[in-house]
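Notes to accompany the following structure.
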């Protein structure tokens with residue numbers, strides 16, 4: 001369903017940038033339908049002390065890394081700088097581990113002057129997606145799109161101020177968590193991500209470096 005909403009971009013020969021792990025199966029289906037390359041964008045949420053699922057910020061891969069801080073959350077949690085910096089360092093180490101595991105020596109695809117479509121399985125607070133948008137914007141795409149199956153209306157409005165285009169299939173009123181809108185919402189492992197990336201190697205092969 002999400003891929004069909006993106007068919008108007010097919011002639012632009014876009015690149016799908018999926019957010020692991022949950023966004024990879026969604027990105028895989030979109031890339032397959034549009035017959036375009038599938039790559040990944042590594043972003044990690046920075047959770048509050050004792051509440052790892054509550055995002056107070058996020059960090060995305062890059063040189064330098066793209067760091068987003070949610071000032072209201074930080075103030076609410078009375079966050080100190082040491083905690084945030086320690087958490088950021090830990091998540092950057094995980095990003096490095098995943099980059100080496102998922103891609104090894106493969107540089108992936110270049111979005112400069114092309115249409116980049118960032119795909120995830122849904123958006124809750126928007127912290128990780130915002131970091132992803134800003135990190136991708138630095139890579140100078142011609143057009144930057146966010147595409148997700150589900151998100152809250154408030155978050156979508158927030159993302160529209162950052163992306164060139166936002167495609168969201170559903171914006172339910174009672175949004176609590178992404179998983180509540182899936183019949184099946186298993187936790188993917190690294191092996192599944194690697195398998196999907198390998199299978200997608202032939203999607204839009206001309207777009208690979």
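The values are calculated or read from the model by the stated rules, or taken from the named source; none is laboratory data. For clarity, every value in this text was computed on a predicted model and none was experimentally measured. Heads up, the Cβs are rebuilt from the backbone with ideal geometry, glycines too, and the neighbour counts pull from every protein chain shown.
Things to note:
- Some residue of the range 181-189 being out of contact with any strand residue (DSSP E or B) (no Cβ under 9 Å at 6 or more places or on another chain), surrounded by 11 or more Cβ atoms within 10 Å (Cβ to Cβ) and in a helix (DSSP H, G or I): no
- Residue within the range 163-175 that is farther than 26 Å from residue 63 by Cα, modelled with pLDDT under 95 and assigned to a helix (DSSP H, G or I) present: no
- In the range 133-153, the residues that are buried (at least 24 other Cβ atoms within 10 Å of the Cβ) and under 22 Å from residue 51 (Cβ atoms): 151
- Identity of the residue in the range 76-87, part of a helix (DSSP H, G or I) and modelled with pLDDT under 80, that ends up surrounded by the fewest Cβ atoms within 10 Å (Cβ to Cβ): 81
- Residue within the range 110-126 that is in a loop (DSSP other than H, G, I, E, B), farther than 29 Å from residue 192 by Cα and either at pLDDT 95 or above or within 15 Å of the chain's Cα centre (by Cα) (or both) present: yes
- The lone exception for residue 94 - which of (1) buried (at least 17 other Cβ atoms within 10 Å of the Cβ); (2) in contact with a strand residue (DSSP E or B) (Cβ under 7 Å, 6 or more places away or on another chain); (3) assigned to a helix (DSSP H, G or I); (4) touching a residue at least 40 places away in the same chain (Cβ under 8 Å) it fails: (1)
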